[in-house]
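All of the numbers you see were taken from the coordinates with simple rules; none came from a lab. All values derive from a computational prediction rather than experimental measurement. Quick reminder, even Gly has a Cβ in these numbers, built from the backbone with ideal geometry, and neighbours come from all protein chains shown.
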Amino acid sequence: MAAEVDTKKRAQGEGDQGLIVKPMYTAARQFMKSLVRPSTIVYPFERLEDPKFRGEVRVASGKPIGVGEVWDNYRGVHALNINTCISCNLCAFSCPDLCIDMVTVPGGDPKHPKKCPEIDYGKCSYCGFCSDACPEGCLTMTTRYELSVTKRSDMVYSPQKMFDQFQRKLPMNPIRLARPANEDAILLDAPLCIGCNACSRDCPTNCITMLDIPKGTPKPGEKPAKRIWKEPVINDSDCVRCGTCISVCPKECLFWGTHT
Amino acid sequence: MSEMWINMGPQHPMTHGLWNLRVRIDGERILDVDPEMGYLHRGIEKISEDRHYNEVITLMDRTCYVAGIAWEHLYVQAAEKALGIAPTERSDWIRMMSEEFQRLASHIMWYAAFVQDLGLMSPFLYGMRDRDLILDLFQSYTGGRLTYEYMRVGGVRNDVPEGFTHRAREVLDWLEPRFVEYDRLCMGSDIFRRRCDDLGVLKANDCVRLGVTGPMLRSAGSKRDLRKDRPYSRYSQVEFDVATADSADVTGRYLVRMEEMRQSVRILRQVLDWLDSHPGPVLADHLPRWLGAPYAPIGREAYLLKRNYPKGVGLSAIEEPHGEACAYVVNEGGEHPYRVKFRSPVFANLSAAHHYLVGYHVADIPPIMGSVDVCVGEVDR
């Protein structure tokens, strides 16, 4: 059981030295120490992440135990590399707070506008699911944690603003999740397909090609089908598994599954 | 009219959060109490029904803001049972380590807040200083200081970084002598003893009858600890003792928590040794993509229901820093849990307030309620 210290015994054993001299000596020692090395960081002007504080902030005993570091994997404001973003929507899909909107940014062609995430930090819970889901690693989280603004609309970070964060080259989360080895792939239920080209048109990585397939021979007494004889073929190594093709397919003929 | 009702709360330094204790007093005597909860209700159980299995984890950190990772552990265990997924061995040990670190942080936070309730300022500063070391450790491998979002169904997000076990041992080396310091500050103080001895007595059979668990039950002499009685995770593979006290009063709860911290350090040393010598994967293979992050949701519930996904229910119970918490997850197929239900230990501990408050003085309420270790986030959910 825990050690119980009896005050009376302590007072008798150590005498006045235990109750008066020692505390005063400790206080005086701490006072002198604080003159040499103040333990206060003058926050807005000095910051914990400054290199001079790295591993230098010590607790009262003077023992350095690494307190005061902002580790690289801290989840702060996002940084977005617009140039590598492929508009796959995965960040917006995986957001539990629905704080990510995909907004159009200049750079795409008129038929395929380029869309990048716009994050409302009023809703964001900094869970990091969006950066975990990003297949290209262009949406990451930086160590920046200062966000105070005076207007609500300033909490909404446009893609351009997050690109500015990216260009500031703040430390970013170094741990990226590896894609699972045997991921589900997108499969085609061929008899349902009408060859409408929607999946291939909207695929962010252009990994779907529409290939001609041989025309099936109608059974005797049956009219030849009117559909266009093209079928999507998906390049699994390029596919980022965003599911855009599944959601645009009008016939629900694409689905998740494993190749057998 | 010598009797009256007074409200302690919802904004009162004693409450540690938003709840209201209505007290009927006659002069200084407490005649009746009526705890009112619900000011912090966010409907976490209902919101969970609309989230993917992994997305619920973001809510778990908000359930209890001083023991977030323990609640993550609780939910993830239940969800894994419901989905029929087993975590990897290393991730299980990392989870256990996280939970013990969280127990340390939570108990130190309790120590700081409880002693400040008694009007002693310096233990508060000692406690907050030492808790920060643990939060820094948490940040170095989860990326968050309070809201970790670290565990995933089937494992944990990432492995601990290089050099982590070394840093963790340094923190433990630093913490162990601090417990002696805490004891000298409190148990060595006459004022502390006079304010806490024989206060808020709740005997073991009353605790069991009222569903009071955790340090409150153990302070009444009962050796009930889920880590020993029904070992989950890898607790059966580590050595530790269950901390108990006999006095069933505020001092007893203090002693139990102090001893639990020592036992946590003991467990952590064994876990860190294990982690050093057993590398391995931290996330299970063959995870279905409809779990949510890091996978993309597929967006068509109807399609998922067509496929024969395994259905099931999962029940898990852990010894949370405050007591015994329980989670129940129903998987009816599809991307979202059909129903999620939590049992909060503090809710039961608070609801029994009548039995350990009546008969004492009004000035005794802060030490007694402080010794319960109230975390309103999990009471109201």
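Highest mean packing first, where packing is the average number of other Cβ atoms within 10 Å per residue, the peptides A:82-94, B:166-178 line up as A:82-94, B:166-178. A quarter of the convex hull surface defined by the alpha-carbon atoms of the protein assembly as shown gives 36.1 nm² as the mean projection.
Is chain B best put as rounded, prolate or oblate by its Cα gyration tensor, with a ≥ b ≥ c the root eigenvalues, rounded for a/c under 1.5, and otherwise prolate when a/b is larger than b/c, oblate when not? Let's see the in-between values first.
On the way: a/c = 2.17, a/b = 1.42, b/c = 1.52.
Oblate shape, in that a/c is at least 1.5 and b/c is the bigger or equal ratio.
Please list, by residue number, every one of the trypsin sites (Lys or Arg not before Pro) in region B:1-75 that is coil in DSSP and has at most 10 other beta-carbon atoms within 10 Å. All intermediate terms of the calculation are to be shown ahead of the outcome.
Values: sites: B:R22, B:R24, B:R29, B:R42, B:K46, B:R51, B:R62; in loops: B:R42, B:R51.
Passing sites in region B:1-75 do not exist.
Sorting B:79-90, B:317-328, A:21-32 by their mean Cβ neighbour count within 10 Å, with the most densely packed peptide first, gives B:317-328, B:79-90, A:21-32. As a quick test, which of the pairs B:K228/B:K311; A:K123/A:K151; A:K114/A:K151; B:K311/B:K341; A:K114/A:K169; B:K81/B:K341 have an alpha carbon distance above 20 angstrom in this structure? Checking Cα-Cα distances, B:K228/B:K311; A:K114/A:K151; A:K114/A:K169 exceed 20 Å. With N counted as the residues of region B:1-85, its alpha-carbon radius of gyration over 2.2 N^0.38 Å works out to 1.58.
Averaged over the residues of peptide B:152-163, the number of Cβ atoms from other protein chains lying within 10 Å of each residue's Cβ is 2.
Is the C-alpha gyration tensor of region B:1-151 telling us rounded, prolate or oblate? Criteria: a/c under 1.5 is rounded; beyond that, a/b larger than b/c is prolate, otherwise oblate.
Values: a/c = 3.10, a/b = 1.61, b/c = 1.93.
Verdict is oblate for region B:1-151.
Distance between the 7 Å Cα→Cβ label points at A:I213 and A:D97: 4.5 nm. Taking B:G127, B:G214, B:G38 as the candidate residues, the one with maximal mean-square fluctuation in a Gaussian network model of chain B, Cα springs under 10 Å, is B:G38.
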